[in-house]
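Single-structure report; data block below.
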Amino acid sequence: MTDRPSYDEQRHLDAIEHFRDRTEGRAIDRRGFLAICAALGIPAGAAHLTPAAAQGTPREMVLVNWGGDAVRGMRTAWVEPYTRATGRRVAIDGTGPSTGRIRLMVQSGRVTWDVMDRNLHTALEIGPEGMLEEIDYSIVDRSKVRPEHANRWGVGNYTYAHVLTYNTRRWGGRVPSTWKDVWDVRGFPGRRAFRRTIDGALEAALMADGVARDRIYPIDMKRALDGHRAIKANTIYYNAIAEGQAAFRDNEVHLGLLLNTRSWPLKQDTNGGCDYTFNEGIVWVAAWMVPKNPPSGRQVWEFIRSTQEPESQVTLLRSNGYGPVNPAASAGLPPDLAAIDPGHPANYARMLPGGVEWYAEHATNALQQYLDAISS
Amino acid sequence: MRGFYWLALLPALLLLLGLYVAPLFGVLLISVTEPRPGLGNYELLLTSASVQRALWTTARISLMTTVVTLLLGYVVAYAMRTASGTAQRWMMFWVLFPFWISVLVRSFAWITLLRGEGVINTALRGIGLIEEPLPLVRNELGVVIGMVHAMLPYAILTLYANMRGIDLRLMAAARGLGAGRTAAFLRVFLPLTRPGILGATVLVFILSLGFYVTPAILGGGKTLMIAEYVALQINETLRWGLGTMLATTLMIAVLGLMWTLSRVLDVKKLFGPG
């Protein structure tokens with residue numbers, strides 16, 4: 001006998017674990033719970049499967065993000081330290097808090113998420129519709145983010161940027177350094193890549209067309225879309241960000257827009273075959289948002305406050321390339337980490353801060369127009 | 001006794017009503033109530049260039065898929081019909097094989113085959129047939145290739161079921177009466193497979209209308225078909241009225257096609273004499 005559980009036992013344990021998560025506290029009362037245990041042939045007592053409602057232990061908190069490496073990264077940097085400090089558990093659901101899902105969940109009155117990894121402009125867009133809790137700044141520390149990174153319904157959790165990413169070997173030592181180069185199909189022949197989302201794609205088109213950085217907002221939609229119409233025959237528009245990353249890696253595309261959090265691992269995966277520049281990048285702040293009436297109540301603010309610590313943010317930069325949103329974390333970085341931090345002053349100065357207010361007001365219509373323009 | 005059978009059907013019927021018909025009705029309702037009561041969403045079918053483009057793209061790609069699938073499927077089904085027992089079983093196996101693989105995996109497999117540095121382009125360049133890689137994927141051609149691949153089993157099985165009901169001695173009789181190979185096929189076999197062709201056409205076309213994953217992956221982001229358009233309205237732009245209107249329109253179109261099919265064709269006959 002080994003002391004490691006066999007595969008089947010492990011599956012059984014996982015099932016029990018999952019079962020416990022799903023039943024703790026709320027969804028099922030004790031009698032119903034025991035009935036289910038009986039039906040499944042699981043001895044409730046032996047498995048310590050006692051619903052928390054009867055015991056008074058707090059239920060697990062649910063953090064929703066966009067999956068992939070972000071699950072592991074956030075677990076190490078934020079969830080595990082929080083659990084160690086408080087004893088409270090946090091599950092990460094990587095299925096993505098899209099606006100439609102938030103709306104559906106809040107309107108149905110059965111909210112199961114506690115904290116969501118999204119952004120500031122979505123907070124401004126759907127906060128006023130009653131979808132979100134207002135951030136409790138008596139617990140969450142406003143002084144740990146730049147003033148523009150905290151609003152009524154969202155508070156910044158990390159920075160990221162849309163950056164010009166390119167193949168380093170295709171043009172005999174020359175590489176593109178501006179969006180103008182990306183639009184120069186003759187000077188830099190090859191396949192372009194943009195994402196099927198507007199953030200970054202519109203700004204890049206305008207910069208390529210010679211609009212000064214401080215004149216980008218409000219976005220001139222016609223001009224930006226004309227830009228994309230001009231290059232769409234030479235462009236792949238990817239959906240998932242991982243798809244874009246793979247297209248660069250497989251040499252399917254040669255220059256275009258990608259997130260810095262993907263361009264950096266891409267550079268390593270390809271041994272420098274691909275690289276990126278922060279020059280003319282578009283820098284954004286991701287933000288915590290809390291759906292209306294989260295199941296864990298006020299505990300969620302304490303969790304958010306715990307993610308504001310500089311050390312945890314440096315951990316996430318090292319593992320995932322997410323820029324610390326707390327300026328104190330950016331300040332003491334070693335040079336190798338400073339080079340990849342979008343929020344580091346040297347990098348930040350070369351980029352355009354994304355227009356949060358413009359997106360809060362126009363994102364929905366602009367997205368539809370963009371997709372119409374790039375679709376055949 | 002008959003009454004008992006009906007009673008036995010009742011639970012399934014109630015389940016369908018509660019979990020399928022009622023929510024479906026809810027969807028219908030949203031399409032005439034959001035953002036305001038009325039037929040405003042349906043008006044967009046006539047006025048919105050964006051909606052019309054998505055509908056046209058869907059119709060165009062579904063049509064191309066149907067034509068190519070039918071041509072290829074007919075050849076395979078005919079070969080199966082005339083092959084020996086063992087060969088027939090192997091052919092059936094290879095037709096059904098892709099069925100067991102997820103559409104997502106198949107789409108990515110096509111990318112590996114068709115992309116610029118993929119297997120096909122590399123081979124063609126290796127033997128010196130082409131200089132620059134052919135644009136086989138990340139465009140409408142790629143979408144049609146992926147969809148034809150997914151649809152072929154449906155067409156082949158439908159056609160094969162129909163062809164199995166045809167007595168091959170009729171062909172021999174035609175030859176005996178002086179018809180050449182071509183004439184025997186064109187004037188005897190082909191007309192007898194008309195129900196199979198019609199059935200496969202409608203089936204493939206209907207299924208093509210709802211494709212979601214394949215165009216999203218193989219289309220290079222530039223092929224916006226109706227299913228994805230609906231998902232976009234539900235998840236991103238939150239225009240649920242528009243999304244549900246398109247879903248309803250698609251459903252009505254499909255039901256209409258089915259109804260037409262049932263008018264011109266005895267559906268039972270489609271799947272052989274039994």
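The values are calculated or read from the model by the stated rules, or taken from the named source; none is laboratory data. This is a predicted model, so every value here is computed, not measured. Cβ coordinates were reconstructed from backbone atoms using ideal geometry, including for glycine residues, and neighbour counts include every protein chain displayed.
Just to be sure before I move on: is B:Leu72 over 17 Å from the mean Cα position of the chain (by Cα) and closer than 29 Å to B:Ile217 by Cα in the structure I sent? Spelling it out, it is not the case that B:Leu72 is over 17 Å from the mean Cα position of the chain (by Cα) and closer than 29 Å to B:Ile217 by Cα. Consider the stretch A:335-360. How many of its residues are part of a helix (DSSP H, G or I), in contact with a His (Cβ under 9 Å, 6 or more places away or on another chain) and under 17 Å from A:Glu203 (Cβ atoms)? Looking only at that region, the number is 5. Residues that are assigned to a helix (DSSP H, G or I), of a type in the set (A, V, I, L, M), closer than 26 Å to A:Lys232 by Cα and more than 16 Å from the chain's Cα centre (by Cα) occur at least once in the stretch B:99-106. Residues in the stretch A:126-147 that are under 19 Å from the mean Cα position of the chain (by Cα) and outside any loop (DSSP other than H, G, I, E, B) were compared, and the one that is nearest to B:Leu238 (Cα to Cα) is A:Ile126. For the stretch A:103-121, filtered to residues that are assigned to a helix (DSSP H, G or I) and within 14 Å of chain B (Cβ to nearest Cβ), the residue that is nearest to A:Ala70 (Cα to Cα) is A:His121.
Would you mind listing the helices (runs of 4 or more DSSP H) fully within the stretch B:194-274 where at least 3 residues are aliphatic (A, V, I, L, M)? Per the criteria, B:194-209, B:213-218, B:226-235, B:240-264.
The condition (being crowded, with 20+ Cβ neighbours inside 10 Å, hydroxyl-bearing (Ser, Thr, Tyr) and within 14 Å of chain A (Cβ to nearest Cβ)) is satisfied by just one residue among B:Thr223, B:Thr158, B:Thr112, B:Thr122: B:Thr223.
So is B:Leu141 of a type in the set (A, V, I, L, M, F, W, C), in a helix (DSSP H, G or I), in contact with a Pro (Cβ under 9 Å, 6 or more places away or on another chain) and within 14 Å of chain A (Cβ to nearest Cβ) or not? Criteria met by B:Leu141. Beta carbons closer than 8 Å, at least 6 apart along the sequence or on distinct chains, pair a first residue in the stretch A:236-256 that is within 9 Å of another protein chain (Cβ to nearest Cβ) with a second that is of a type in the set (S, T, N, Q) for A:Asn251/A:Asn167. Exactly one residue among A:Thr277, A:Thr315, A:Thr235, A:Thr261 is in contact with a Ser or Thr (Cβ under 9 Å, 6 or more places away or on another chain) and assigned by TED's automatic domain parsing to the domain that holds A:Asp184, and that residue is A:Thr277.
Quick one: in the stretch A:81-96, which of the residues that are in a loop (DSSP other than H, G, I, E, B) and touching a helix residue (DSSP H, G or I) at 6+ places or on another chain (Cβ under 9 Å) is farthest from the other protein chains (Cβ to nearest Cβ)? The selected residue is A:Arg88.
The residues on offer are A:Val300, A:Val356, A:Val325, and the sole one that is in the same structural domain as A:Ser263 (by TED's automatic domain parsing), surrounded by 17 or more Cβ atoms within 10 Å (Cβ to Cβ) and in contact (Cβ under 8 Å) with a residue 24 or more places away in the chain is A:Val356.
Residues are listed down the side, and each one gets a yes or a no for (1) over 18 Å from A:Gln299 (Cα atoms); (2) modelled with pLDDT of 95 or more; (3) not in a helix (DSSP H, G or I); (4) not assigned by TED's automatic domain parsing to the domain that holds A:Arg298:
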{"site": "A:Ile42", "(1), (2), (3), (4)": "yes, no, yes, no"}
{"site": "A:Ala46", "(1), (2), (3), (4)": "yes, no, yes, no"}
{"site": "A:Leu49", "(1), (2), (3), (4)": "yes, no, yes, no"}
{"site": "A:Gly67", "(1), (2), (3), (4)": "yes, no, yes, no"}
{"site": "A:Arg75", "(1), (2), (3), (4)": "no, yes, no, no"}
{"site": "A:Val79", "(1), (2), (3), (4)": "no, yes, no, no"}
{"site": "A:Arg101", "(1), (2), (3), (4)": "yes, no, no, no"}
